[in-house]
Structure formats: C-alpha cells, structure tokens
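Asker: One structure, pasted below without further comment.
The values are calculated or read from the model by the stated rules, or taken from the named source; none is laboratory data. This one's a predicted model, so the numbers in the text were calculated from it and none came from an experiment. Ideal geometry is used to build each Cβ from the backbone, glycine not excepted, and the neighbour counts take in all protein chains shown. Protein only, heavy atoms only, side chains kept; ligands, DNA and RNA dropped before computing areas. Shrake-Rupley method; radii C 1.70, N 1.55, O 1.52, S 1.80 Å.
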Amino acid sequence: LRLRHQGLLNYTEKLSALLSPIRRLADNILSLIFVLCCEDNMLTHNWRYAHTLTISSVCPRWRQLAISNPALRSNLTIDSQDDNDHTESVLALYLTRSKTYSLSLGL
C-alpha cells in the first residue's frame, strides 16, 4: 500500500509539471523568446554558451521549435583557437539549420 501511495505521489508530481505557465505559451511567443536568448551563440570548447544547443535539449517541443527556427542560428561567434572536429561539426549543423537566413559570424 505504501509503494502504491508513493507511486501515486510521484505520478501527481509529474502531472503538476504540465501546469507550468511556460507550457501555456503559444509556439510563436516561445520562439520569439528563444530568438532573444540566442542573440549570440558562441561555439567554443565550452558548449554552455551555445544557447541554441541548450534550448534544443530541454524537451521535444523546445527541440522542434529550435530546429524549425533558422533565426536562432543567425549570430555565431567561433573561437579561432578551438581547432577541433567537434567545433566543425557543430558549425556545419548550425549552417545547415540556418537555411537561407542571413548570418552574422564573428571570429
């Protein structure tokens, strides 16, 4: 009975996350917030400054919005001292997903 009770408490906690105010935002509003957060994507060995990658890792909805919005990758800064294959592959991913959106690139 205690295990069942604990299971129900865990389930209730997971369901309460669905009531979060961020989930009620329309996709276009959330995309605008993402664009503001991603005004600069710094591609270095420290990926915590690659904001688009962070946003796309939160949940499936955010991932879809991040992938479908080329404006999130319009401003890129690359640390020229980071000469590794991972930086090149992430840059290629950014360029592919930016589609025909105009880019601002800093080195």
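Asker: How many residues does segment 20-73 contain that are at pLDDT below 85, part of a loop (DSSP other than H, G, I, E, B) and exposed (fewer than 15 other Cβ atoms within 10 Å of the Cβ)?
Answerer: Residues in segment 20-73 being at pLDDT below 85, part of a loop (DSSP other than H, G, I, E, B) and exposed (fewer than 15 other Cβ atoms within 10 Å of the Cβ): 5 in total.
Asker: Under the condition of being aliphatic (A, V, I, L, M) and part of a loop (DSSP other than H, G, I, E, B), which residue from segment 98-107 is surrounded by the most Cβ atoms within 10 Å (Cβ to Cβ)? Show your work before the answer.
Answerer: Initially, segment 98-107 is screened for residues aliphatic (A, V, I, L, M), giving 103, 105, 107.
Then keep just the ones that are part of a loop (DSSP other than H, G, I, E, B); that gives 103, 107.
Working: L103: 13, L107: 7.
Filtering first and then ranking leaves L103.
Asker: Looking at (1) open to solvent by 70 Å² or more (accessible area, probe 1.4 Å); (2) over 23 Å from T100 (Cβ atoms); (3) at pLDDT below 90, can you tell me which one Q6 breaks?
Answerer: All conditions are met except number (3).
Asker: While we're looking at this one, here's another question. Confirm whether L95 is within 14 Å of N41 (Cα to Cα), open to solvent by 100 Å² or more (accessible area, probe 1.4 Å) and at pLDDT 80 or above. Please lay out each step first, then the result.
Answerer: Working: within 14 Å of N41 (Cα to Cα): yes; open to solvent by 100 Å² or more (accessible area, probe 1.4 Å): no; at pLDDT 80 or above: yes.
It is false that L95 is within 14 Å of N41 (Cα to Cα), open to solvent by 100 Å² or more (accessible area, probe 1.4 Å) and at pLDDT 80 or above.
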